[in-house]
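The values are calculated or read from the model by the stated rules, or taken from the named source; none is laboratory data. Since the model is a prediction, treat every value here as computed from it, not as a measurement. No Cβ is skipped: glycine too gets one built from the backbone with ideal geometry, and neighbour counts run over all protein chains shown.
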Amino acid sequence: MDNITLENTKEAVPRNRWVLLLVALVGLPAVLAALLSYLTSSNGITYCTTLNCQAFAQLLRSSINESVAPCDSFGRFVCDGWRTEHHYSVREQFYRNALESMARLTRAVEIPRAGQSAVQQVAAFYRSCDKLYETGRDDTPLVREALAEAGVLWPSRPANPDVVHTLAALALRLGWASILDIDIKTIGRKRTIVSFTTAPMFYFLHSENLRPLERLEHFNRLRDAFDNGGSGPKVSYGDIEVLENATLTNLTRASFMQGHAHLGPAVLHRNPAEWNASIARFLRTGKEVQFETTSPAYVEAFADFWRAQGEGDAHLLVSWHAVRFAAHFARVDLVNPSAVKRADETYGRRHICIMTLYMALGDVVFASYNAYAFTDSVRGDVKKVVLGVREALSKKMRGESAEAAGLDGWSSVERVFSVLDYSRTNPGIEQTPLPGLSDFGDVFVDNWLAALRAFELAERTPKRFLSPGTLLHSRIFEITPEVTDIALVPMALAYPFYDKAATAAVKYGGLGSHVSRASARIVLARFKNDSDDKAPHSRQLSLAAFLACIAADVAGQAEPPRHDVAEELAALLVLFDAFSAAEREDQRRLAEFPEFSSRQIFFSTWCFMRCTGQLSEPDDVDPCSAEVRHVQAFSEAFRCVKGTQLNPERKCRLS
């Protein structure tokens, strides 16, 4: 098979279907797959009969609730089965399985102690993370020593806390920024841009809500591990509670507010010269230093806290978060206890290992997986889906081509495949090491610090097109606003998001829906920010009418959806246009759904990709109806009666 499929789909299908899935995962020779991929019935209808098609059909069938009419609640019709049986959303569950596949590929690499190639360096680094959990080794002394160099002496309170130095050291020397991250960009020899952002680990550390006893247990465990027995005042659990009560609500709320702003002395709290001096200890800066942020509300909220509470409490907040993140490099029992409570220890380990590896080494981390999953034939097929969706979107929004719409580069997939194409654009990674990096050993924290130090000495950063937040939140794509384009995450190629042999309905309803959503988000943001002199006036009015129509429709519903209906509907309308073009060449159906047309399978697959799990609250129980009620093709496909809930008289149109 050309694309990777996944095992470990715990709960994904009933147990009596494991054999079918197992065969699908192992794969068949290409010739046999070709012979079995089509089956034409006596009435002329063609079915896809590959094992992956059968596996997906059974997965979808297990989720559908036939007691709910699709024209009453399409989300419940498609998703009730999944939500009843699964803790996590479809996206989250199969993202997890993709991480396990990556782990298996990495474990299969033979690693010499010396003379490692880039692929072997990645594998050695990953295994050192894995071994920390598997062997129960204790590297707390190494982690404690590294933190001390940054001024983090927790649970002791330092006599002379220096927030600026500690923030700079954690971000630029240790890579353990957990409150404020700092990125340096040098332009020429004289100018440097220092960018402050919300540290991705801030989201990670606050992604679990612990009960009071669990929080206390976690604190005590960390205190006992990191206390070096020195004299001086110690931090109590009560100190941490007071600290977090004073700031976390504001920081968390502000962390989701994105934008771009230049930072002056008032917001920086400390003067720019002091910041520049601390940063220059780790990375060289130019004579002209400019401070900016893409998280202005967050940076200002932290500065307000710092100003109000003083140096000591601000340093304690930074130290407390740094210790919690660094604990993942120290000892397995120091991580968040809720992971064990929810039986997610394996996934948590995979997730933190892949995420930290990516932060340290960049896109090369996915090279082995991409070489296996992103073959030439898969690349060509995915390119066809991406360009089909984006051209349909450009025509829908502007009535013109992508280039004429001003979406430069949208006829190319270079940026979209920037991570997936790493092996193609960096040949020789199986023979030569990563530039400037030595062989990696068995100690995770040593490998981490060695990698960061090598890049620091070389005054460069690893090639990295994804943000840690994208991996943290299990996203399928990364949006890069400054170039109005996206990058697909390697997990986008995983079953059931994508399968080269899938029908057009499944392919566009799956992978295509994620591409369409990302592209629609970019275009809608562009239109909202454009002034009238930058876009045709009639098109601006049309978009404004569409957005107003959606806003009124959502406001009139008894239980308004929690997601962005305008974005999802725009993406779905465009996606259907792209699918309709592809359907002319591929009208195959699924053999296990003989009663469903290819259009019904398309809409069902699109909705299935949005199914949430029991732990996905407060996500919508019905993630689909708010959009499909405005799609005429849906109403026709499922024969919804005119004037009913999912076929209203008045539909919001994007034309």
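Does Phe125 count as among the hydrophobic types (A, V, I, L, M, F, W, C), at pLDDT below 95, crowded, with 21+ Cβ neighbours inside 10 Å and not in a loop (DSSP other than H, G, I, E, B)? Answer is no for this residue.
To keep it simple, each residue is scored yes or no on (1) under 16 Å from Ala502 (Cα atoms); (2) of a type in the set (Phe, Trp, Tyr); (3) at pLDDT 90 or above.
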| position | (1), (2), (3) |
| --- | --- |
| Leu35 | yes, no, no |
| Ala55 | yes, no, yes |
| Ala69 | no, no, yes |
| Ser89 | no, no, yes |
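Counting only helices (runs of 4 or more DSSP H) that sit wholly inside the range 563-655, those with at least 2 residues that are surrounded by fewer than 22 Cβ atoms within 10 Å (Cβ to Cβ) are 565-583, 598-608, 632-637. Looking only at residues in the range 61-117 that are of a type in the set (A, V, I, L, M) and outside any helix (DSSP H, G or I), which one is surrounded by the fewest Cβ atoms within 10 Å (Cβ to Cβ)? Step by step, filter the range 61-117, then rank; the result is Ala114. Cys53 meets the conditions (1) in contact with a Leu (Cβ under 8 Å, 6 or more places away or on another chain); (2) in a helix (DSSP H, G or I); (3) closer than 30 Å to Cys129 by Cα in every case but one. The failed one is (3).
State all residues of the range 355-381 that are among the polar types (S, T, N, Q) and surrounded by fewer than 20 Cβ atoms within 10 Å (Cβ to Cβ); if no residue qualifies, say none. Within the range 355-381, Thr375, Ser377 qualify.
A search for C-beta distances below 7 Å between a residue of the range 163-175 that is within 16 Å of Arg284 (Cα to Cα) and any residue that is among the aliphatic types (A, V, I, L, M) and outside any helix (DSSP H, G or I), counting only pairs 6+ apart in sequence or on different chains, returns Ala168/Ile182; Ala169/Ala150; Ala171/Ala177; Ala171/Ile182; Leu172/Ile182; Leu172/Leu283; Arg173/Ala150. Scanning the range 148-167 for residues that are in contact with a strand residue (DSSP E or B) (Cβ under 7 Å, 6 or more places away or on another chain) and either crowded, with 22+ Cβ neighbours inside 10 Å or over 18 Å from Ile240 (Cβ atoms) (or both) gives Pro155, Leu167. Report yes if Leu216 is surrounded by fewer than 22 Cβ atoms within 10 Å (Cβ to Cβ), touching a His at 6+ places or on another chain (Cβ under 9 Å) and farther than 26 Å from Asp442 by Cβ, otherwise no. For Leu216, the condition - surrounded by fewer than 22 Cβ atoms within 10 Å (Cβ to Cβ), touching a His at 6+ places or on another chain (Cβ under 9 Å) and farther than 26 Å from Asp442 by Cβ - is not met.
Taking the criterion of being over 14 Å from Thr293 (Cβ atoms), hydrophobic (A, V, I, L, M, F, W, C) and assigned to a strand (DSSP E or B), the only residue of the range 167-223 that qualifies is Ile187. Selection of the range 447-499 for residues being charged (D, E, K, R), over 22 Å from Glu414 (Cα atoms) and outside any loop (DSSP other than H, G, I, E, B) yields Arg453, Glu456.
A search for C-beta distances below 6 Å between a residue of the range 450-461 that is surrounded by 15 or more Cβ atoms within 10 Å (Cβ to Cβ) and any residue that is part of a helix (DSSP H, G or I), counting only pairs 6+ apart in sequence or on different chains, returns Ala451/Ala360.
With respect to the conditions (1) surrounded by fewer than 17 Cβ atoms within 10 Å (Cβ to Cβ); (2) at pLDDT below 95; (3) on the phi < 0 side of the Ramachandran plot, Thr192 falls short on a single one, namely (1). Within the group Arg521, Arg526, which residue is modelled with pLDDT under 90 and part of a helix (DSSP H, G or I)? Arg526 is the lone residue from the list that is modelled with pLDDT under 90 and part of a helix (DSSP H, G or I).
On the stretch given as the range 235-268, residues that are out of contact with any Asp or Glu (no Cβ under 7 Å at 6 or more places or on another chain) and under 15 Å from Leu316 (Cβ atoms) total 14. Listed conditions (1) farther than 24 Å from Leu268 by Cα; (2) in contact with a strand residue (DSSP E or B) (Cβ under 7 Å, 6 or more places away or on another chain) are all met by Thr197, apart from (1). Residues that are among the charged types (D, E, K, R) and at pLDDT 95 or above within the range 595-641 comprise Arg599, Arg610, Glu627, Arg629, Glu636, Arg639, listed in sequence order. When Ala581, Ala566, Ala544 are screened for being more than 17 Å from Arg526 (Cα to Cα) and out of contact with any His (no Cβ under 7 Å at 6 or more places or on another chain), only Ala581 passes.
When Ala266, Ala273, Ala314 are checked against the criterion of being small (Gly, Ala, Ser), part of a helix (DSSP H, G or I) and more than 30 Å from Arg453 (Cβ to Cβ), a single residue qualifies: Ala266.
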